[in-house]
Structure formats: structure tokens, C-alpha cells
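The values are calculated or read from the model by the stated rules, or taken from the named source; none is laboratory data. Only a predicted model underlies this, so the values are computations on that prediction, with no experimental measurement involved. Glycine also receives a Cβ, built like all others from the backbone with ideal geometry; neighbour counts cover every protein chain displayed. Only protein heavy atoms, including side chains, enter the accessible area calculation; ligands, DNA and RNA are left aside. Shrake-Rupley method; radii C 1.70, N 1.55, O 1.52, S 1.80 Å.
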Amino acid sequence: MTHSSPSGAQALDALGFRPVINACGIYTDLGGSRLSSLVWEAMSAANASFASLPDLLDRSGEVLAATIGVPAARVVPGASAGIALAIAACLTRGDGARMEALPEVIGVPDAVVLQRAHRYKYARCVTPAGGRIVEVGDERGTAESELTEALRGGATAILHPAHLDGVGTSLPLDAVVAIAHRHDVPVVVDAAYMSFPTDLFGAYTRRGADLTVFSAKYYWGPNAGGFVCGDADLVDAVRAVDFTGYESGRFLTFGRIFKHDRATVVATVVAAQEWLAIDHEARLRGYEERANAIVAAIGASVDAAPRSFTLDERIVDEPVNCVVLTLATTDAASALEATLAGAPTPVLCIPDGNQVVVCLETVDAADDAVIVNSIITTMEAKDE
Ligand SMILES: *Cc1c(COP(=O)(O)O)cnc(C)c1O
């Protein structure tokens, strides 16, 4: 299961690195994604030489922008940092004094508007940059007049989480963009996990978002990678406020705390290119075949079915990427999840009520048999 040399495995063990089979999916605290050999090779090549980081970030941003078909893009160390840097860019627009003052906001409103129905955990990333979240509407939705009124009161950006677009009676992106642009306020879209289908990379920019943020972890890139893309002037403002300006520019920019290394920058772009080139139909077919085989191998020991586990953690029918185990009770499901996690080769799954989700997207096909054995053994032990 581990692919490292014996001494490598020992070194990892000494550091508390306990390899697990990740049947949860892409989660930051499980390490995000595993990098492909192509991405790993690119990182290794980047590590072999020094290079100018300002040049690398400029050029890799151009390549990324051309790859996904948007005016401009810039690699950032993850989508959370991307949100903070995007908001910082809106608050400063390349103004040196303002870039040094953040999180103290000078000369512009600090308000960043968020629809109340869009309340979500990464909105927190606005605050370190000096933005102050101002909520509009209620938990069901927002009226156009409420958004307009908030913008009239003075705002520097709107944060719009793509995965909550149109939820309830909230204003969808297109309506938000129309109102925002009438008031000259940029819209920042958090599209962190909207990397599939792959045309979503450019879709929010085409729909009028001024800056869109993606996380590399969701397209098999580095856990600490991501990018911001969209309007060229605003991406330029991200460039101005990021860590490169602190070192080689005239101002002690706010973005210094979001530092990047050259291997991660390279990996973030190479992984995006590879993601666009992958045969995704074959990828999805692969999960389905494996899910069917696992269900067949589990047999009668527990009710198992091929299902789909979404990135916002819902169980739906398609496209199949997981096996859902259904138990008699919530307690039985928690017990199964805990036993699998505590096995000599830990298998981490997602408990959900009386069900347990075994997500295959992050599992090596070679580990499917380990998972099946662990499930059968656990269920048999319980029956004794
Ligand atoms: C994971 C995630 C982020 C944060 O991305 P990082 O690259 O891990 O910083 C932001 N927004 C959403 C919706 C996410 O799922």
C-alpha cells in the first residue's frame, strides 16, 4: 500500500505519518489529492533549479489563463488564500499605501457583501484581508432591492460561493453580476471545487464574475495550490499585493503571508493541464466498475449499493463514485466506520446516519480488495 522505500517508510513512521486508505474523498485534512507521476516529475524538475518566482508566477499565470480561456490567472497557495488575496486586490487595486496597510482598509469601504443564504465556512477568509462581511437578505434568499441597497451603502466586493449559486430564493450569479456592475463593485466567486465538468474553469468568468478562485486539491493538484482568474486588471491587483511584491517591489504587501514555492506553482498548473486532458468518461466508468465489483464481492454481509457522493457531501445516484453501505441503525453505521478506521490497515470512510460512504475517487484500485476484506471481516465479527 505504501510506495516508499523501507527507509522512507521508517522516516515517515518516525514523523507520525500513518498511511491510511482514504475512502472519504478529497479532504484537506487527509492531504487533498495524490499527485500524478507527471505532476511529481514537474515538481522534481522545478526543485532541481532556482528560478525567479515573480517571473514564474507571471508566466505560469499566462499559460493557465490561455489553458482555461480567461483573460488572466495567477497561482495562489490554495483557494482560502485565493479568497483573501482576491479581496485584498479589490480593497487595494495596486495602491502601495493600501497594500501595506491591510488588514487596515484605507480609502474604500471595507464591506464585502454576502447573501445570508450563502453563509458558509470559507467566508471567514475575507476577514484577514481587512474585509468586513455584510450580510444581505435572510436564510431563504435575497431580494434585488436588498442587494442594491447594500451596494449603495458602500461595498468593495461581493463574495459569491459557486456551490450555493441560486440556493433557495437567493440571487443567482447572473443577477448579482448585473446589479454589482451597475454599482461598479466586483464579484468574487469561490468556485473552489467546480473543476468538473472541466469547462467550469472558465464558466464563471464568462458569466461576468470579476475574480474566480479555484482549489488545486479538487483537480488532483497540490493540497496547497490553487488559482485566481478573471479580469486582467484585478488579477494584476492580486499580483501587486501577493508575496512577490513584498520581496522585490516597493511595498511591504499584505500578501507576504501567502508564500509559495516553485514546485507547488508548477504543480498547480501542470495538474490543471493534465486534468483537462484526462478522459473523464473513462475515469467515471472506472469508479462505476470498481463499485459494482466491490458490491458483488461484499455479497450478503451488508447491504451495499453503488452510488454517488458529491463534493458537497450528499449521496445521489449518479455519476457512481462510491459504495454506500446501509445498516440497521445509526449506531451500527458508526461502529462499522470506527472499526474500519481502527483496523491494522486503516480504512477511512464517511458515516452518514445509518449509512457509510466508501468513496473510491481517492482509493488506489489495488486497495479495493483490502476494503472489501475489512468490511466482510468486521461484519462477520459482529455476527458472532
Ligand atoms: C476546500 C475549499 C476551499 C479552500 O480551498 P484550499 O485550497 O484548501 O484553501 C474554499 N472553498 C471551498 C468551497 C472549498 O471546498
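Of note:
- Positions within the range 162-186 being within 16 Å of the ligand (Cβ to nearest atom) and more than 22 Å from Thr67 (Cα to Cα), in sequence order: His163, Leu164, Asp165, Gly166, Val167, Ser170, Leu173
- Residues that are touching a helix residue (DSSP H, G or I) at 6+ places or on another chain (Cβ under 7 Å) and of a type in the set (Gly, Ala, Ser) number at least 1 in the following strands (runs of 3 or more DSSP E) confined to the range 101-187: 157-161.
- Only one of the numbered conditions (1) away from the ligand (no atom under 13 Å from the Cβ); (2) in contact (Cβ under 8 Å) with a residue 60 or more places away in the chain is not met by Ala216, and that is (1).
- Among the residues of the range 1-40, those identified as assigned to a helix (DSSP H, G or I) and among the charged types (D, E, K, R) are Asp13, Asp29.
- Just so you know, in the range 59-83 the residues that are within 16 Å of the ligand (Cβ to nearest atom) and either farther than 13 Å from Val269 by Cβ or free of Cβ contacts under 8 Å to residues at least 24 places away in the same chain (or both) include one that is most open to solvent (accessible area, probe 1.4 Å), and it is Ser80.
- Residue match in the range 252-263 (condition: under 30 Å from Cys359 (Cβ atoms) and open to solvent by 60 Å² or more (accessible area, probe 1.4 Å)): yes
- Residues (aromatic (Phe, Trp, Tyr) and surrounded by 14 or more Cβ atoms within 10 Å (Cβ to Cβ)) located in the range 18-58: Tyr27, Trp40
- Any hit, the range 337-356, residues being within 16 Å of the ligand (Cβ to nearest atom), open to solvent by 40 Å² or more (accessible area, probe 1.4 Å) and closer than 27 Å to Ala216 by Cβ: no
- In the range 310-326, the count of residues that are open to solvent by 40 Å² or more (accessible area, probe 1.4 Å), hydrophobic (A, V, I, L, M, F, W, C) and within 16 Å of the ligand (Cβ to nearest atom) is one or more.
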